[in-house]
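Okay, so here's the structure we're looking at.
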Amino acid sequence: MAGYRKLNPSDLPAFADHLLRLTTNDRCCRFGSPTSDDAITRYCEKINWTHTVIVGFFEDGALHAAAELRLEPTFTPSNGELAFSVERPCQGRGIGTTLMRRILVVARNLGLAQVAVYCLAENMRMRKLLVRVNAPPVVDLPEALSVIDLPPPDTQSLLQEQNDDQSGTISVIMDYWTHDFVTSMLERVD
């Protein structure tokens, strides 16, 4: 079973495992430079969950893609930064687009005016994703940058996030139920 949902601190091991499964090239695209296992572990340990929202894509009980929204309220209270990671087998399936839509709704509902997306200039997948969601043109600096302006939250965006959260909860329950059911059936066969 596949589904999307927001992560919480108890999902940190799944998030770390996901990042560790990224290929060398995908790690470079996600972090902007070659990134070791130790660096990923340290990165995950330093996540401040009060200033971070992560929406993940789960399939067969494992996290395979994530959109991370980082807030820095002490410096820029109305801005955030987005980062994406999609494991190779999940690329090209529209998962990144769905994650982008969901995380932009979350950012909007948090009252953010803008979110920045940095990526390597050669990261064509991310650049195409930005075009797909009508983000402003990418500015090439040492790395590419797109700043997305967000409208204030409204009833529709609040309802969309609530619907996304509910579908995520149902997905988790169904995944647990399916796993529990399959496990019990296998135990009966033994």
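Every read-out reported here was derived from the displayed coordinates using simple, explicitly stated rules and does not represent laboratory data. All of these numbers come straight from a predicted model, not from anything done at the bench. Cβ coordinates were reconstructed from backbone atoms using ideal geometry, including for glycine residues, and neighbour counts include every protein chain displayed.
Could you tell me, in Å, what Rg and Dmax come out for the Cα atoms of segment 2-170?
15.1, 43
So, in nm, how far is label Val147 from label Val131 when the simple model puts each one 7 Å beyond its Cα toward the Cβ?
Calculated label separation equals 2.3 nm.
Among Thr98, Leu110, Ala65, which residue has its Cα positioned farthest towards the positive end of the charge dipole of segment 2-170, with +1 placed on the Cβ of Lys and Arg, -1 on the Cβ of Asp and Glu, and the dipole taken about the Cα centre?
My answer, from the dipole projection, is Thr98.
Rank these for me by crowding, Lys6, Lys128, Lys46, going from fewest to most other beta carbons within 10 Å. Walk me through the intermediate numbers first.
On the way: Lys6 17, Lys128 11, Lys46 8.
Ordered by Cβ neighbours within 10 Å, fewest first: Lys46, Lys128, Lys6.
Between rounded, prolate and oblate, where does segment 7-58 land on the alpha carbon gyration tensor, with a ≥ b ≥ c its root eigenvalues, rounded for a/c under 1.5, else prolate if a/b exceeds b/c?
Verdict is prolate for segment 7-58.
Between Leu120 and residues 5 or more places away or on another chain, which pairs have amide H atoms under 5 Å apart, with H built 1.01 Å from N, and which residues are they?
Here the answer is Ala144, since their amide H atoms fall under 5 Å of that of Leu120.
Of Glu45, Glu68, how do they rank once you tally other Cβ atoms within 10 Å and put the fewest first?
Glu45, Glu68
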